[in-house]
Amino acid sequence: MKTTTLLLILCFSITTLAQNYDFGKVSKEELEEKLNSLDTAANATYLYKNRRTYIKYEQNAGFQLITDIHERIKIYNQEGFDYTTKQVELYKSGSDEEKVSSLKAITYNLVDGKIEETKLEKDGIFKTEVSKYYNETKFTMPNIKEGSVIEYKYTIVSPFYWNVDDFVFQHAVPVKKLEATFETPEYFNFKLNTKGYLVVKPTVENKNDKITFINKEREGGGWNAVSTSYSSSNLDFIKTITSYNLSDIPALKDEPYVNNMGNYRSAIQYELSYTKFPNSPIKYYSTSWEDVVKTIYESSSFGDELNKTGYFEDDINALISSISDPMARAASIFNFVKTKVKWNGYNGISCRDGVRKAYKDQTGNVAEINLMLTAMLRHAGLNANPVLVSTRQNGIPLFPTIDGYNYVISGIETEQGVVLLDASNKFTMPNILPSKALNWEGRIIRKDKSSSTISLYPSEQSRNTITMLANLDEHGNIEGNYRSIKTNHDAMSYREKYLETDKTQFLENLENKYKGMEISDYEVKNDYDLSEPITETYKFSLESQADVIGDKLYFSPLFFLKTNENPFKLEKREFPVDFGYPSETAYRMIINVPEGYKVESMPQPAVVMMPDNLAEFKYNVSGNEKSIQVIVSTKMNAPIISPMYYDSLKEYFNKFIEKEAEQIILTKI
């Protein structure tokens, strides 16, 4: 028995060691695999990921950043088909652009016990221009089935040697084997930053290398024959090779209320710190926040644009001539910019066409609009400064970096605090920023080039106050009137959905949300008056809201408004819960008891709270023989909940969901 066990272990070890990761060498065992034994819920698995990024000198092009990619993926089921389409984002600036070359891709299937290969053809490759800054190469693997293994390799050639994509080690599905290397000549010094919770230890070695220069010389001319001769010379240098070798990397799956999963996914960032070429002085890049601020502020597309005022002075002078209060001036200028200059859909901290052209054409990117706003506010006598922001999609800039910021807003510094403004969104208000900008901290840059961090999260709660009159009949159906009054971010979010959507489709979506509800007399007030809360009212009818059992009716007093499921399901969570902003939802309801029924029992009042007053739930139901009054409120007092409170948060949700599910019982008289 011991001999048999030893042989099995030995065979397994040999198989593991003999795993062939060369392109095209997919095994029958990989195709027969039904699931990932370490993560049986996985829809797909990276069987192998390999990346080699290195800086290479081309005599006609200079230094280039080359990245070779090779990936092999196992598809277990149809949900894993998402991994059969690959999108490669390619940056461009002016005439320089990144390009994909040497693309090869194959789908492998097991047919009658034999491996069948289907190669990607040219008609499966799509090249598109996404924006003025990015192109995209996309390909979809052919002949995909449950159980397929796909494999592809390609090379990205980039002239932007300072812009190294993150080395991402963790994904939404597991990775069985990962190898990655980063090779840099001695002329480049990169700073390494780590993200995520996995322990990643690279190996580093130095090797000799050389650059070969080809020299061409011509001799002769006139009456003499022209001859061309070639010679070569070498420049020896030392390159540093940093290698990563990981196995069985667990998946990092999406969770609710996360600002950006990429902030917590295991990865390595390389940022160029300085260059030192032969016979040249050291050139420093961003190594501290002071360096970052100085570089941005002294940029012609930022500081110079901020200092331009002549194009708007006459208009702003006329606008504020009769307004003496500074904040009233600010409000007038803020609304003026939002009305006059429309956002063209591009983010960024640099102006592309300039503030003058944006003002004249009445369209511009985020930087042009909000640097323009800042300049106007300064002209009006306010202490206004630009605030650098990284959007949620861009991640959190944990380390000093220029690329970490991709958005800019305006901040007015007052004795009461900083008032944040974003004129690129027509639905924003002072300190009510779009949700994409609610990403931890921004960095305010002052005229003297000093800077400091500032919280982007609002301190004032957004409120949604719901009042409802519901008439319940003996069949368990309800009809009645609904009114909702929303403020701050809740109001902005509603306006974005309502005013940017076809009204018929909006109502259809609302009825579908509540599964069969019929809505009439729908009305919205203050939809364009941002200074007022937005009010939504309608009449409704909805069947089967109470269970009829014998001569009794059973129902939750919140009916279709109750929370049915706890969004927090993980046993443990290592990253914060991000609600975006503090909020309160309050319900004030009257339920009319159907004729011939009386109240038999009602849920008892309850209060549920989290530690440190992070959240609060209050519940009270009372009534008489004619009607029932329901008063419920849920408050989330902090926009961010630390992982240390995750167990408390999960239990808080469990308790108030259980309470909302408790039923009123009516019995026939």
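The values are calculated or read from the model by the stated rules, or taken from the named source; none is laboratory data. Since the model is a prediction, treat every value here as computed from it, not as a measurement. Positions of Cβ are generated from backbone atoms using ideal geometry, with glycine treated the same way; all protein chains shown enter the neighbour counts.
Picking from residues in region 293-314 that are surrounded by 14 or more Cβ atoms within 10 Å (Cβ to Cβ) and either aromatic (F, W, Y) or without any contact (Cβ under 8 Å) to a residue 40 or more places away in the chain (or both), the one that is nearest to S451 (Cα to Cα) is Y297. Remark: pairs (first residue in region 235-253, surrounded by 14 or more Cβ atoms within 10 Å (Cβ to Cβ); second residue among the polar types (S, T, N, Q) and not in a strand (DSSP E or B); Cβ separation under 7 Å; 6+ apart in sequence or on different chains) = I249/Q170; L252/Q170. If you filter region 348-369 down to residues that are among the hydrophobic types (A, V, I, L, M, F, W, C) and part of a helix (DSSP H, G or I), you find that the one that is surrounded by the most Cβ atoms within 10 Å (Cβ to Cβ) is I369. The criterion of at least 1 residues that are in contact with a helix residue (DSSP H, G or I) (Cβ under 9 Å, 6 or more places away or on another chain) and of a type in the set (S, T, N, Q) is met by the following strands (runs of 3 or more DSSP E) wholly inside region 545-599: 583-592. Inspection of region 520-531 finds no residue satisfying the criterion of being of a type outside the set (D, E), part of a helix (DSSP H, G or I) and surrounded by fewer than 19 Cβ atoms within 10 Å (Cβ to Cβ). With respect to the stated conditions, L382 is over 29 Å from N260 (Cα atoms) and either assigned to a helix (DSSP H, G or I) or in contact (Cβ under 8 Å) with a residue 40 or more places away in the chain (or both).
Yes or no: E205 farther than 30 Å from S288 by Cα, of a type outside the set (A, V, I, L, M) and at pLDDT 95 or above? Here the answer is no, as E205 does not meet what is asked.
Residues that are without any contact (Cβ under 8 Å) to a residue 24 or more places away in the chain and part of a strand (DSSP E or B) were ranked within region 42-61; the one that is surrounded by the most Cβ atoms within 10 Å (Cβ to Cβ) is K56.
Just so you know, in region 384-409 the residues that are of a type in the set (S, T, Y) and under 13 Å from the mean Cα position of the chain (by Cα) include one that is farthest from K449 (Cα to Cα), and it is T391. Just so you know, in region 255-292 the residues that are among the hydrophobic types (A, V, I, L, M, F, W, C) and surrounded by fewer than 18 Cβ atoms within 10 Å (Cβ to Cβ) include one that is nearest to V337 (Cα to Cα), and it is W289.
Residues checked against (1) surrounded by 16 or more Cβ atoms within 10 Å (Cβ to Cβ); (2) hydrophobic (A, V, I, L, M, F, W, C); (3) touching a Ser or Thr at 6+ places or on another chain (Cβ under 6 Å):
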position: Y482; (1), (2), (3): yes, no, no
position: I485; (1), (2), (3): yes, yes, yes
position: H489; (1), (2), (3): yes, no, yes
position: Y494; (1), (2), (3): yes, no, no
position: K497; (1), (2), (3): no, no, no
position: K503; (1), (2), (3): no, no, no
position: N509; (1), (2), (3): no, no, no
position: K515; (1), (2), (3): no, no, no
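In the set G124, G94, only one residue is on the phi > 0 side of the Ramachandran plot and either crowded, with 18+ Cβ neighbours inside 10 Å or over 26 Å from the mean Cα position of the chain (by Cα) (or both); that residue is G94.
Results for (1) in contact with an Asp or Glu (Cβ under 9 Å, 6 or more places away or on another chain); (2) closer than 15 Å to Y257 by Cβ; (3) of a type outside the set (S, T, N, Q); (4) in contact (Cβ under 8 Å) with a residue 60 or more places away in the chain, shown as yes or no for each residue.
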position	(1), (2), (3), (4)
S622	no, no, no, no
E625	no, no, yes, no
I628	no, no, yes, yes
S633	yes, no, no, no
P643	yes, yes, yes, yes
K655	no, no, yes, no
E660	no, no, yes, yes
Q663	yes, no, no, yes
T667	yes, no, no, yes
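Within region 544-556, being surrounded by 14 or more Cβ atoms within 10 Å (Cβ to Cβ) and touching a strand residue (DSSP E or B) at 6+ places or on another chain (Cβ under 7 Å) holds for Q545, A546, K552, L553, Y554, F555.
Yes/no matrix, rows are residues, columns are (1) crowded, with 16+ Cβ neighbours inside 10 Å; (2) modelled with pLDDT of 95 or more:
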{"position": "L558", "(1), (2)": "yes, yes"}
{"position": "N566", "(1), (2)": "yes, yes"}
{"position": "V577", "(1), (2)": "yes, yes"}
{"position": "T585", "(1), (2)": "yes, yes"}
{"position": "P605", "(1), (2)": "no, yes"}
{"position": "N624", "(1), (2)": "no, no"}
{"position": "M636", "(1), (2)": "yes, yes"}
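When the residues of region 587-603 are filtered to those that are within 27 Å of N512 (Cα to Cα) and among the β-branched types (V, I, T), the one that is surrounded by the most Cβ atoms within 10 Å (Cβ to Cβ) is I591. Of the numbered criteria (1) in a strand (DSSP E or B); (2) surrounded by fewer than 18 Cβ atoms within 10 Å (Cβ to Cβ); (3) in contact (Cβ under 8 Å) with a residue 40 or more places away in the chain, the one T453 fails is (3). Of the residues E511, E518, E479, E500, which is modelled with pLDDT under 95, in contact with a strand residue (DSSP E or B) (Cβ under 7 Å, 6 or more places away or on another chain) and of a type in the set (D, E)? Testing whether each residue is modelled with pLDDT under 95, in contact with a strand residue (DSSP E or B) (Cβ under 7 Å, 6 or more places away or on another chain) and of a type in the set (D, E) leaves just E511.
Residue by residue, here is whether (1) over 27 Å from the mean Cα position of the chain (by Cα); (2) under 20 Å from F656 (Cβ atoms) holds:
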| site | (1), (2) |
| --- | --- |
| S520 | yes, no |
| V524 | yes, no |
| T537 | yes, no |
| D547 | yes, no |
| L553 | yes, no |
| K572 | no, no |
| V577 | no, yes |
| Y581 | no, yes |
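Looking only at residues in region 410-450 that are part of a loop (DSSP other than H, G, I, E, B) and among the aliphatic types (A, V, I, L, M), the one that is farthest from W343 (Cα to Cα) is L438. Quick check: anything in region 134-149 part of a strand (DSSP E or B), under 18 Å from R52 (Cβ atoms) and assigned by TED's automatic domain parsing to the domain that holds Y46? No; the residues of region 134-149 include none that is part of a strand (DSSP E or B), under 18 Å from R52 (Cβ atoms) and assigned by TED's automatic domain parsing to the domain that holds Y46. Does S459 count as under 30 Å from E616 (Cβ atoms), surrounded by fewer than 16 Cβ atoms within 10 Å (Cβ to Cβ) and under 19 Å from the mean Cα position of the chain (by Cα)? The answer is no for S459.
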